[in-house]
Amino acid sequence: MPLPDILAPGLRVVIVGTIAARHRRERDHYYAGVGNAFWVLLHESGLTPRVLTPEQDEQLPSFGIGLTDLVWTPSGEPDLAGLDAKLTSAAPEAVAFVSKTAATSYARAAGARLPRGYGELSWTAAGRPAFVLPGPSGANNGMPLPLRIAMWRDLADFLEVL
């Protein structure tokens, strides 16, 4: 069972992840894994005024940020219709995929061009401008933290010009 979405009207951005729901559910909060830099990246990018903890994930809408995950169908495909419905309902200014894996999964399901790098995408997600970020996990991302921070700052800049 996936974690409940953290969504509200008037968000600046909804961040979409892909982590297996069973692993997230064991932790009860988004991005709570050991070595996960998500909360540091949010702060260092300027998206939050302080470093939050995973237990404070429900506070994110007050900073204009929502969280959800791609949910997988029994056939192993992302539930694109379900995600698009959530995004349409929340109507954020933009959607940010928290890894190339997440963006690629969405693109394949939507018939869109696969992302080649990080940053603004050439397609929209549920009609919203889309962006891809480097993943925050220390376990699967060999990219140095300062470089990831710079790319997350690009998202903050992207949101400023929307």
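Just so it is clear, none of the values below were taken in a lab; they were calculated from the coordinates. Keep in mind that this is a model prediction, so the values were computed, not measured. Ideal geometry is used to build each Cβ from the backbone, glycine not excepted, and the neighbour counts take in all protein chains shown.
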Checklist line | Part-to-part distance (alpha-carbon centres) for segment 97-149 and segment 54-68, which is given in Å | finding: 20
Notebook entry, point to check: Among Val132, Leu114, Leu47, whose Cα sits farthest toward the positive end of the charge dipole of segment 6-162 (+1 at Cβ of Lys/Arg, -1 at Cβ of Asp/Glu, about the Cα centre)?
Noted result: Leu114
Next item on the list: May I ask you to derive the FRET efficiency for Glu160 and Thr53 from their Cβ-Cβ distance with R0 = 35 Å, giving the value to the nearest 0.05?
Entry: 0.85
Margin query: Please compute the length gained on full extension between Asp28 and Leu147, using 0.36 nm multiplied by the number of residues separating them and subtracting their Cα-Cα distance.
Written below: 40.0 nm
Next item on the list: With springs only between Cα atoms under 10 Å apart, run a GNM on the chain and tell me which of Pro129, Pro144, Pro115 wobbles the most.
Entry: Pro144
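Can you give the % of DSSP beta bridges in the chain that are antiparallel, to the nearest 5?
In the chain, approximately 35 percent of DSSP beta bridges are antiparallel ones.
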Next item on the list: Taking only Cα atoms and a 10 Å spring cutoff, compute GNM fluctuations for the chain and point out the largest among Val51, Val98, Val132.
Entry: Val51
Next item on the list: For an R0 of 25 angstrom, estimate the FRET efficiency from the Cβ-Cβ distance between Glu120 and Ser75 and round to the nearest 0.05.
Entry: 0.25
Margin query: Using Cα springs under 10 Å in a Gaussian network model of the chain, which residue among Gly66, Gly76, Gly119 shows the largest mean-square fluctuation?
Written below: Gly76
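Once fully extended, how much extra length lies between Ala85 and Arg113, figured as 0.36 nm per residue of separation less the alpha-carbon to alpha-carbon distance?
So the chain would gain 8.0 nm between Ala85 and Arg113.
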Note to self: Here are a few candidate values for Rg/Rh (Cα atoms, Kirkwood Rh): (1) 1.01; (2) 0.92; (3) 1.13. Which one was actually calculated from the structure I just gave you?
What the structure shows: (2)
Note to self: Could you list Arg12, Arg116, Arg108 so that the one with the fewest beta carbons within 10 Å of its beta carbon is first and the one with the most is last?
What the structure shows: Arg116, Arg108, Arg12
Check: ³J(HN,Hα) across segment 75-91 via Karplus (A = 6.51, B = -1.76, C = 1.60, θ = phi - 60°), whole Hz, x for Gly/Pro?
Finding: 7, x, 9, x, 7, 5, 4, x, 5, 4, 5, 4, 5, 5, 5, 6, 6
Item checked: MRE, 222 nm, helices only [DSSP H, n ≥ 4, -39500 (n - 2.57), over the chain, to nearest 500] -> -10000 deg cm²/dmol
